[in-house]
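One structure is given below, encoded as structure tokens.
What follows draws every value from the coordinates through simple rules; no lab data is involved. Computed from a predicted model, the values in this text were never measured in an experiment. So basically every Cβ, Gly included, is an ideal-geometry build from the backbone, and we count neighbours across all protein chains shown.
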Ligand SMILES: Nc1ncnc2c1ncn2[C@@H]1O[C@H](COP(=O)(O)OP(=O)(O)OP(=O)(O)O)[C@@H](O)[C@H]1O
Ligand SMILES: [Mg+2]
């Protein structure tokens with residue numbers, strides 16, 4: 001049985017005497033090893049912290065090579081199915097757990113100076129650098145709700161990825177991307193009560209935006225990582241619908257709308273994989 005992946009990966013389900021497993025394959029060699037290492041690291045630190053282990057789990061990695069990772073299968077719901085089936089109390093529980101998770105990451109990340117060279121080596125002059133001090137230490141890297149499964153009272157975290165700066169602010173930015181753009185809903189192909197799901201999303205958005213000041217991180221930094229993470233997705237976007245969605249969000253962000261037009265699109269164009277259509281970069 002094949003599971004549905006979102007980007008360039010292929011996921012297969014395998015069953016054996018020792019349980020059920022997922023085999024995830026990607027062509028981009030090397031990426032899987034760093035993904036597996038990060039997943040094992042988080043599995044370890046979450047399961048050894050009773051407070052975190054109450055609300056979260058991470059699939060155990062049982063095998064890994066350059067382009068393939070084998071991990072335990074979890075029978076959980078996608079965020080879309082979860083929102084459709086859940087009560088307000090269950091949504092509150094998700095928000096509470098995500099809040100605790102980010103707070104926990106921030107506690108584990110000492111305040112350190114942003115390395116402008118690191119930003120420059122990632123984006124060149126495409127994105128203006130930012131200076132200052134932020135928590136730097138750990139982050140999931142792609143904390144959208146599509147990289148989670150929802151089982152009873154636990155959230156299963158999937159699809160860890162290295163980030164150019166390992167800061168929990170990156171995870172806040174990804175959560176904002178999810179709720180502001182109803183991200184996972186755009187990739188959901190099953191039948192669902194869209195009205196109910198959108199009401200659920202609006203509730204999650206209200207609650208997540210309400211908790212932002214409680215992280216003790218200046219909004220300027222959250223906005224910066226929000227903006228950079230939207231830009232980083234653009235080269236890999238496959239449809240005009242998603243392209244327009246992201247461009248619309250960037251243009252609404254008045255802090256960056258002007259500066260990004262100058263250089264950022266050419267940076268995106270240079271990053272586009274060979275097989276991707278270029279039409280999307282001519283739209284604006
Ligand atoms: N261990 C697992 N147990 C159950 N389902 C899983 C597991 N790992 C992945 N899945 C299912 O497969 C989907 C895609 O997984 P994942 O997010 O890792 O891949 P992807 O987004 O396609 O990967 P990438 O962005 O790295 O190319 C998940 O949303 C989930 O439904
Ligand atoms: Mg994913």
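Before moving on, here are some points about what is shown:
- Going by neighbour counts of Cβ atoms within 10 Å, the residues 183, 104 line up, fewest first, as 104, 183.
- Taking all Cα pairs closer than 8 Å and separated by 6 or more residues, the relative contact order of region 137-182 comes to 50 percent.
- The base-10 log of I(q)/I(0) for region 173-232, evaluated at q = 0.13, 0.26, 0.28, 0.30 Å⁻¹, reads -0.40, -1.10, -1.18, -1.25 [Debye formula, identical scatterers on Cα atoms, solvent excluded].
- Across every direction, the projection of the convex hull enclosing the Cα atoms of the chain has a mean area of 15.1 nm².
- Antiparallel bridges, percent of DSSP beta bridges restricted to the chain (to nearest 5): 95 percent
- Extension gain, residue 239 back to residue 153 (0.36 nm per residue minus Cα-Cα distance, nm): 27.5 nm
- Under the simplified labelling scheme, the residue 117-residue 33 pair shows an inter-label distance of 2.5 nm, with each label point 7 Å from Cα along Cα→Cβ.
- Dimensionless Rg over Rh [region 123-179; C-alpha; Kirkwood]: 1.05
- Kirkwood radius and radius of gyration were both taken over the C-alpha atoms of region 2-72, and their ratio Rg/Rh is 1.00.
- For the chain, built as a Gaussian network whose Cα springs stay under 10 Å, the top-fluctuating residue of 184, 266, 109: 266
- Relative contact order [Cα under 8 Å, 6+ residues apart], the chain, whole percent: 16 percent
- Among 143, 181, 54, the largest mean-square fluctuation in a Gaussian network model of the chain, built with springs joining Cα atoms closer than 10 Å, belongs to 54.
- Ranked list, fewest to most other Cβ atoms within 10 Å of each Cβ, for 194, 70: 194, 70
- Put in line by how crowded their Cβ is, counting other Cβ atoms within 10 Å and starting with the fewest, 211, 71 read 211, 71.
- Note on the chain: with a GNM built from Cα contacts shorter than 10 Å, the maximum mean-square fluctuation among 132, 55, 200 falls on 132.
- Entry note: region 9-123 has Rg to Rh equal to 1.03, where both radii use alpha-carbon atoms and Rh is the Kirkwood radius.
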